[in-house]
Each structure stands twice: as structure tokens, then as C-alpha cells.
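Heads up: the structure comes next, in C-alpha cells.
The values are calculated or read from the model by the stated rules, or taken from the named source; none is laboratory data. Small disclaimer: the values here were computed from a predicted structure and weren't measured. Here Cβ is always computed from backbone atoms with ideal geometry, including for glycine, and neighbour counts include all displayed protein chains.
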Amino acid sequence: MKTRRGASILFAVAALVSALTLAAGAGAQQPSKSSSTPAQSQGGMAGMNMDDMQKETAQYPEAAKAANDAMSGMNMDSNPHMFMTVLQPKNPGDDQRADEILDILRKSITKYKDYRVALADGYQIFLPNVPQQQYHFTNYHYGFMAAFLFNPAHPTSLLYKKTSSGYELQGVMFTAPKTATEQQLDERVPLSIARWHEHVNFCMPPKSTPAQQVNWKQFGLAGSIATEDACAQAGGRWVKQIFGWMVHVYPFESDPSKIWAH
């Protein structure tokens, strides 16, 4: 299995941010400052460091939920805040590489069908008290390491559906630095098999706006504002890109077309 090592600590920062950190401040289980990884204290995307992002989500929990829902893969192609890679023609060996990834992934995450095992292994639930279509259990350490290499046994996030008795494992999310090229993404997961995505072009409300007064039909990752000019006219704060590259995989699906979510 191919791996690719990064050359810059900026890759590590981007990968950690890609681990859904926008939602970290609103009801999430967070590590203490003394136990945080080095990258957690580094500057984040769009000039926001981790403390700033936590304050943002504490002030705007609706934005955190919208961000989390947006990352669950709904309406990716028609979402103006989403950019997706285009499926490429297959190269020799692509199917074999994809099968190898799935084989390793299935073996490594089967134990996480018991969500308590995932929590014990360092995965943390984002917004556990907010109803969501899909819950992200994220491992900060794996997100950090994803900046340097791709390890199919260590996805950045596990994707769960909430049930009456706990959580049901549905799939995983792998991440890559926002600066990764398509060639580098292809070296991780073939672009003829899966489509990576990133979150772009959204407008945050003015910091002075009380949360209850924010029109979330306009602002945020699910808002209607999708251009910098429109954001400026609304008095918002433009964010060109947040998080890094992401790809969802549903390895327990029986239909091959549903395994690599597009």
C-alpha cells in the first residue's frame, strides 16, 4: 500500500483542521489543554486558530450543526459550498488498490461497530447532544498523521448513525491536507474510484451579531451566500476554504456503487 509523507508542518495543521474542528466547541468531548496535540494550538484556516474556532461554534451552535451536516455528504454535486474532484479514467491497478484499502479498512474498524471501543481508542464525538443525520467520531492523532501519510487502517473520522441503544457504524472519512494536489490524492485513493471533496466559498455572520439573530439561510456552509461580493454586501466574513480534503467510504455496503460515496 502506498503512503506519502508530507514535507511541511503546514500539512499537519491543515489535516487536523480537516478533522471537523469547526464543530469542536459546541458540546463536543474535547481533550484538555495539557493533552492536546501540538497541531491543536497552531493557526487554523482562513486566519482562525483553534481557540477562535471554538469560540465561533460556542457563539453559533447552529453553524456547527450545519457544518457537520454539510460534511455528511448530502447534495455534494449541487452544493455551491462544495468542490469535488472529477472521476478520472481508470489506470491499471486502481481496482486492486481500492480493494486493498477496503480489506485493510474493514479489518481495522470492525471492532468499532461497538462505538464504546471507538471512544476508548481516542475517537471523540462532535456535537453529541445535537440531532444529526450522521455523527462524526474524530481521532485528532490520526488526523494529524494524515498530513504526512495515508493509513487505511486509521481513518480520521468514523461515521455513525444514532440509534435507540447507541450508535451504528456506517463508514469512515479520510482526510488530506488542503494543499494536496490531485496526484497526491490519487496516490491515497484512486480518483477513478472515489471523489474527494473540500468545503469552499462560505460567509460567516459578523462577530457582533447575536446567534439568535443570524439568518442561517444566508450564512454558513448551508447558506445561500456563495460569493465574496455577496458576503461583503451582507457584512459577513468571507472564508474561501475551510478544512482540508475529505473522502467518505462505506465499506460495509453490499452495493459497490455505495461503498465509495460520490
**Prompt:** Cβ-Cβ below 9 Å, separation at least six or inter-chain, first residue in segment 154-178 and within 20 Å of GLY122 (Cβ to Cβ) and touching a residue at least 24 places away in the same chain (Cβ under 8 Å), second surrounded by fewer than 22 Cβ atoms within 10 Å (Cβ to Cβ) and of a type in the set (Asp, Glu): which pairs?
**Reply:** TYR160/GLU168; GLY166/ASP114; LEU169/ASP114; GLN170/GLU253; GLY171/GLU253
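How many of the residues in segment 100-154 are aromatic (Phe, Trp, Tyr), part of a helix (DSSP H, G or I) and at pLDDT below 95?
Final tally of qualifying residues: 2.
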**Complete:** Going through segment 176-223 in order, the residues found to be among the hydroxyl-bearing types (Ser, Thr, Tyr), modelled with pLDDT under 95 and within 30 Å of GLN96 (Cα to Cα) are THR179
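Determine whether ILE242 is assigned to a loop (DSSP other than H, G, I, E, B), buried (at least 22 other Cβ atoms within 10 Å of the Cβ) and among the aliphatic types (A, V, I, L, M).
No: the conditions fail for ILE242.
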**Message:** Against the condition within 22 Å of the chain's Cα centre (by Cα) and among the small types (Gly, Ala, Ser), how does GLY235 come out, does it pass?
**Reply:** no
**Message:** If I filter segment 131-152 for residues that are β-branched (Val, Ile, Thr), touching a residue at least 12 places away in the same chain (Cβ under 8 Å) and surrounded by fewer than 19 Cβ atoms within 10 Å (Cβ to Cβ), do I get at least one hit?
**Reply:** no
**Asked** For the subset of segment 161-171 comprising residues that are out of contact with any helix residue (DSSP H, G or I) (no Cβ under 6 Å at 6 or more places or on another chain) and not in a loop (DSSP other than H, G, I, E, B), which member is farthest from ALA98 (Cα to Cα)?
**Response** THR163
**Request:** Identify the residue in segment 172-192 that is touching a Leu at 6+ places or on another chain (Cβ under 8 Å) and part of a loop (DSSP other than H, G, I, E, B) and, among all such residues, is surrounded by the most Cβ atoms within 10 Å (Cβ to Cβ).
**Result:** PRO177
**Prompt:** What do you reckon, is SER224 without any contact (Cβ under 8 Å) to a residue 24 or more places away in the chain, among the polar types (S, T, N, Q) and closer than 27 Å to LYS107 by Cα?
**Reply:** no
